[in-house]
Amino acid sequence: FETNANVPSSLTGDAAFTIAFWLYVPTQTVVLGAKGVLGWGNSAFARTAAGFYWNGVVTNGLSFEFAGGNAAYPATYTFVRDKWVHVCVTKRPGVIKDTLTWYYDGVSVPLSSGSSSSTPNISAGKLAVGQWTTGDNNRAVQFLDQLAIYDRELTSSEVRYLAQGT
């Protein structure tokens, strides 16, 4: 994908997908509050946009959000700075907290009990890299590499393979 490339229609509605990438965040970067990483869809309507966002709910917490405040975020993980970290989210159709799996460096991380119990209905849109959706100017200084988006839920073995780079 290129920045602002159209997201395939297979990633709309309540579709299965996987997003994986390497992320580096320098120490001096302020990430508390609303800072986007990447996403797509229509952020003006509930559950119709999807993407990674720095969330003030958890200190240094990266969340995966669907518009309308429908987030899923790790229960106990604090993001490590000044180190490349492999981030991956898999999603299958259904309620967010029951169908989204979060991985750091190939290891599944439990979701917070406060993760959303809504079902998304993601709209088509352009992929926004370095922000949450196109037009969102709340960005953090961060580096992404090897972004991959799949129109299916990868298995845990496949996620480990991506994180190990083997």
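The values are calculated or read from the model by the stated rules, or taken from the named source; none is laboratory data. These numbers were taken from a predicted model, which means no experiment stands behind them. Note that each Cβ is placed from the backbone with ideal geometry, even for glycine, and that neighbours are counted across all protein chains shown. Accessible surface areas use protein heavy atoms only, side chains included; no ligands, DNA or RNA. Shrake-Rupley method; radii C 1.70, N 1.55, O 1.52, S 1.80 Å.
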Roughly speaking, what is the stretch gain from Y161 to W84, that is 0.36 nm per residue apart minus the C-alpha to C-alpha distance, in nm to one decimal?
26.1 nm
Starting from the Cα of S10, step 7 Å along the direction of its Cβ; do the same at T76; then give the gap between the two resulting points in nm.
3.7 nm
Need one value: the accessible area of T27 in square angstrom, 1.4 angstrom probe, rounded to the nearest 10.
80 Å²
